[in-house]
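What follows is one structure encoded as structure tokens, with my remarks underneath.
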Amino acid sequence: MSDHTVAGNVRVPEQAAPERRALERGAPEPGGPGTHAVPGHVAVIMDGNGRWAESKGLPRTEGHRQGEATLAEVVRAADDLGIGWFTAYGFSTENWSRPKLEVDFILSLHKNIFDRRLEMHRNNVRIRCIGRPVAGTSRLPRRILREMQESVELTKGNTGLNFTLAFDYGSREELVYAARNLLEAHVSEGAVIDERSFARFLYEPAMPPVDLLVRTSGEQRLSNFLLWQSVGAPFYVTSTYWPDFGRAELAAAVDWWRGAPQDDPAGEPVAEEIARRATNA
Ligand code: FPP
């Protein structure tokens, strides 16, 4: 176990054994058309809740309510497919600028997802969170932070799917957070500053690179999500609104990934990769 916690500053010098096991499940298998490989890490930008509701003449809140139920179903589907890591963008730092009633409603849905922690625990799912709560700078209600912490604690020994909720999350803030903590470690302990050490100071140091990035509702934007982790990820965009994205859609995205061109090993420190290639040349 690392000393990674939801509240308070995080110092994670090394990955310990369970983190390495989690990484093993998250390791991508060789892909390619016609294979049955699955991506090690799938990340989703859940978009289109409001449009889904409007298309049915319903209030936007109904779209979010259905969106939460869809998320629970897609987590089960990801687990059934054998995906190692599944990360969902639940609430961004930008989402605070929405009308207060809508923000309050979305936050109440986050409680629902944490209420599902017992079911996830039974299924050996490990719940993780990334975002301001990790840095101790979140203005989320204390009860939500407590439920988040309880979910993380309850499931920290699980070895199945790693389900990470990006919650009050912004990727630029994450990079600044990592830079600040690495700099502190550099000053106090002489920590080396390179890509590998930088990655250890992200909100979730055990998280492997994203192999497949999915966005629903047709938009082709990253929206401040996992900038570091998604550097080489193929981007699957579907016009389906998030509440309608289910098991079949996830399977279709994985199918698409099998045939997608693969980048160089994403997340592998550049200097090390160059040295390795030079040695092999
Ligand atoms: C996008 O829909 C989704 C969000 C703003 C984030 C909220 C996500 C959910 C409610 C899904 C369930 C997850 C949790 C953890 C509660 P949108 O409102 O931007 O849709 P629009 O672009 O059609 O307006």
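The values are calculated or read from the model by the stated rules, or taken from the named source; none is laboratory data. What you are looking at is a predicted structure, and each value in this text was computed from that prediction instead of being measured. Backbone-built Cβ (ideal geometry, glycine too); neighbour counts: all protein chains shown.
Worth a mention:
- Take the conditions (1) modelled with pLDDT of 95 or more; (2) more than 7 Å from the ligand (Cβ to nearest atom); Asp115 misses just one of them, which is (1).
- Summed over segment 75-87, residues that are surrounded by fewer than 23 Cβ atoms within 10 Å (Cβ to Cβ) and over 15 Å from Trp257 (Cβ atoms) total 3.
- Hits in segment 223-253 (condition: surrounded by fewer than 22 Cβ atoms within 10 Å (Cβ to Cβ), more than 13 Å from the ligand (Cβ to nearest atom) and within 19 Å of Cys129 (Cα to Cα)): Leu227, Trp228
- Filter pass, Arg132 being in contact with a Phe, Trp or Tyr (Cβ under 9 Å, 6 or more places away or on another chain), surrounded by 17 or more Cβ atoms within 10 Å (Cβ to Cβ) and under 28 Å from Val192 (Cβ atoms): yes
- Residue match in segment 94-102 (condition: under 19 Å from the mean Cα position of the chain (by Cα), at pLDDT 95 or above and of a type outside the set (Phe, Trp, Tyr)): yes
- Check on Thr61, closer than 24 Å to Ser138 by Cβ and either surrounded by 15 or more Cβ atoms within 10 Å (Cβ to Cβ) or more than 9 Å from the ligand (Cβ to nearest atom) (or both): yes
- Taking helices (runs of 4 or more DSSP H) as the structural unit, those lying wholly within segment 142-206 and holding at least 2 residues that are surrounded by fewer than 20 Cβ atoms within 10 Å (Cβ to Cβ), of a type outside the set (Asp, Glu) and at pLDDT below 95 correspond to 142-154.
- Of the set (1) over 22 Å from Arg65 (Cβ atoms); (2) not in a loop (DSSP other than H, G, I, E, B), all apply to Ser230 but (2).
- Candidates in segment 18-55 are the residues that are exposed (fewer than 14 other Cβ atoms within 10 Å of the Cβ) and at pLDDT 65 or above; of these, the one that is farthest from the ligand (Cβ to nearest atom) is His36.
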